[in-house]
Each structure stands twice: as C-alpha cells, then as structure tokens.
C-alpha cells in the first residue's frame, strides 16, 4: 500500500505540478481561512478575508474585539456567516486564553497535544484542526476531506464513507512523515477532484486511472 500511495502521489505531481497550497500571507490567515472554508468555495473565502483585511481586522485582537454582527457581515461571502462568526470568536478566545495570542507558543506544542486542544475548541472539527496543524503550524498531520474519501473509494482503496480518523491513519502510516508531501498530496487530491474525479467522473482523461478500479472499468 505504501508503494501504491507514493506512486499515485508521484503521478499526480508529475501531471499537475506543485500546488503551492495553502494560499495565505501568514499562518494566522491560514487559520482564519481554514475556519471560513467549512462548506464554502475558496473563491468566497478569499472575498471574506479581503473584507477583514480592508477593515484591518485580520489579527487575533481585531477578531476578538469586533462585535459579532459586524464580523458576520464581513464574512458573509463565506456562507453560514453567523455560525462562522461564532467559530472565529471561539478560536480567538482559545488563542488568547491559552497562549496570550502568541501563535509561536501554540505551534511549539507537540502535534498530538495541540490537535486535542484544537478539537476541543467549539467549531473546530478534524479537517479544520489538521489544516491548521499542517498549513499554519507546519506539522505533519494529514488533512482528509470529502474529495479524499470519494477518490480513494472509487479507486477501491477505501470503503464508502469511512471514518475520518481511519482515513487519516491510512495515509499517515503509508507515507513518509513529511510536511511538504502531506501538503502537496492534499492539494493534488483537491485538484484531481476538481478536474477529473467530479461527482460524475471523467475517468478517460484522468492521469491516475491505471491505479483505479473505476477508471480501469471506464477505459475498457
């Protein structure tokens, strides 16, 4: 399995090239983006972040101080804005109370300890926590999303709708514990899902169809 996952990664990288994901100007922006990206397109997340930057609120102190109604209005493009305003507030309260708004102090914690702390914050689920760990903190914590489950189920490597933690373990025990590999693999999976492995897959054009039971059937 280790060799299969690495071969898939190499083929995706060869086809799509480096993705340079996560697009952000700072680790803090990554964190805000990870929360806003829940059930939203990245294009809409960018609009919400641009609104926060325009108001000079994209800081821990700024987001902690702004009232919920204004915050919700500014992040409206990212959808579910009232709930996401509460989620941002909850994270900012955690960062302030636990680490005095010091991201470096937060990032210095062991990966598993910090992951447990993040998962205890209201509104932070496994995918958001792992996105923060991998892309903001630079820790090797593989990010699993709906695209990952869809693609690798179609390939015959995962059961349908597997538990998040089992998919995370599936990748982490099979891949080298490397932040860059984890980042690129996750980003390449997203790109594959957007280009070829959509709700209705375009298997004949897919660059990894030789690894895939669904793709091989479509090519026959």
Once both labels are modelled 7 Å past Cα along the beta-carbon direction, what's the residue 178-residue 207 spacing in nm? 1.7 nm
In the calculated pair distance distribution of the chain, what percentage of Cα-Cα distances lie above 20 Å? 60 percent
Among rounded, prolate and oblate, which fits segment 1-85 when a ≥ b ≥ c are the square roots of the eigenvalues of its C-alpha gyration tensor, a/c under 1.5 means rounded, and a/b larger than b/c means prolate? prolate
Quick one: helix 179-195 against the long Cα principal axis of the chain, what's the angle to the nearest 10°, folded into 0 to 90? 70 degrees
Using a/c under 1.5 as the rounded threshold, could you call segment 32-148 rounded, prolate or oblate? The axes a ≥ b ≥ c are square roots of the C-alpha gyration tensor eigenvalues, and prolate needs a/b larger than b/c, oblate otherwise. oblate
Only Cα pairs under 8 Å and at least 6 apart count here; give the relative contact order of the chain as a rounded whole percent. 23 percent
GNM result for the chain, Cα springs below 10 Å: residue of 192, 133, 36 fluctuating most strongly: 192
Between segment 63-88 and segment 164-219, the alpha-carbon center distance in angstrom: 33 Å
Fewest first, what order do 166, 131, 199 take by the number of other Cβ atoms within 10 Å? 199, 166, 131
Neighbour counts of other C-beta atoms within 10 Å: give me 206, 197 arranged from fewest to most. 206, 197
Which of 54, 150, 86 ends up with the largest GNM mean-square fluctuation for the chain, with Cα atoms connected below 10 Å? 54
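All of the numbers you see were taken from the coordinates with simple rules; none came from a lab. Just so it is clear, the model here is predicted, and its values are computed rather than measured. With ideal geometry, Cβ positions are generated from the backbone for all residues, glycine too; neighbour counts draw on all protein chains shown.
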